[in-house]
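See structure below.
The values are calculated or read from the model by the stated rules, or taken from the named source; none is laboratory data. All values reported here derive from a predicted model rather than from experimental measurement. Backbone-built Cβ (ideal geometry, glycine too); neighbour counts: all protein chains shown. Ligands, DNA and RNA are stripped out before the accessible areas are found, and what is left, the full protein with its side chains, is counted by its heavy atoms. Shrake-Rupley method; radii C 1.70, N 1.55, O 1.52, S 1.80 Å.
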Amino acid sequence: RWLPGAEPMPAWQEADEPPWQLLSVDAEAVTMSFPSGDWSYAEVTVTLKRDPISEADEILLAVLCVLLIYGSFWTRWSATELHIVLLLLLVTQRMSVRGTLPAGVAA
């Protein structure tokens, strides 16, 4: 159970960093009864809202990947080179998204 007066998940209480907006952190101590006894657990719901402008990055990334594949028909890139370029783009995007999450969340 939560300690009286203690905030649940204190690292998330200040998780309001762009492009994310923290809407709520709801915590509940739940007790379930079983034949072997009563067991309790903590249930936490974190609700975040993402800035819609940040979604443009994902759309632009998808368009860039399609254009690279389409353009590879007229260039002399091998399949391996094309895959390496696309993989670097996708890993960079993933790291960019992970970098915007609160500390300790994207481990």
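Report the gain in length on full extension from Arg98 to Ser40: 0.36 nm times residue separation, minus Cα-Cα distance, nm rounded to one decimal. Please list the in-between numbers first.
Working: separation 58, 0.36 × 58 = 20.88 nm, distance 3.24 nm.
Contour length minus Cα-Cα distance gives 17.6 nm.
What FRET efficiency comes out for Glu28 versus Leu67 if R0 is 41 angstrom and r is the Cβ-Cβ distance? Round to the nearest 0.05. All intermediate terms of the calculation are to be shown ahead of the outcome.
Details: r = 48 Å, r/R0 = 1.17.
In this case the efficiency is close to 0.30.
Tilt of helix 55-71 relative to the longest C-alpha principal axis of the chain, in degrees (0 to 90, nearest 10)?
That works out to roughly 30 degrees.
Among residues other than Leu64 whose Cβ falls under 11 Å from its Cβ, what is the net charge (Lys/Arg +1, Asp/Glu -1)?
On the way: positive: none; negative: Asp57, Glu58.
So the surrounding residues net to -2.
Let me have the relative contact order for the chain, percent, based on Cα pairs under 8 Å that are six or more residues apart. Please report the intermediate quantities before stating the final value.
On the way: 90 pairs, mean separation 28.2, N = 107.
Computed over the chain, the figure is 26 percent.
If you take Kirkwood radius over Cα pairs in Å from the coordinates, which of (1) 15.7; (2) 17.8; (3) 14.6 do you get?
Working out Kirkwood radius over Cα pairs in Å from the coordinates points to (2).
Using only DSSP helix segments of four residues or longer, with each worth -39500 (n - 2.57), what per-residue ellipticity at 222 nm results for the chain after dividing by its residue count and rounding to 500? Provide the component values of the computation, followed by the final result.
Working: 2 runs with 38 residues, N = 107.
One gets -12000 deg cm²/dmol as the mean residue ellipticity at 222 nm.
Would you mind checking the tilt of helix 79-99 against the longest principal axis of the Cα atoms of the chain, expressed as 0 to 90 degrees and rounded to 10?
Long axis of 79-99 versus the principal axis of the chain: about 30 degrees.
Heavy atoms only, 1.4 Å probe, whole protein assembly: order Met9, Met95 by accessible area, highest first. Let's see the in-between values first.
Details: Met9 65, Met95 110 Å².
From most exposed to least exposed: Met95, Met9.
Gaussian network model of the chain, Cα springs within a sub-10 Å range: biggest mean-square fluctuation belongs to which of Pro35, Pro52, Pro19?
Pro35
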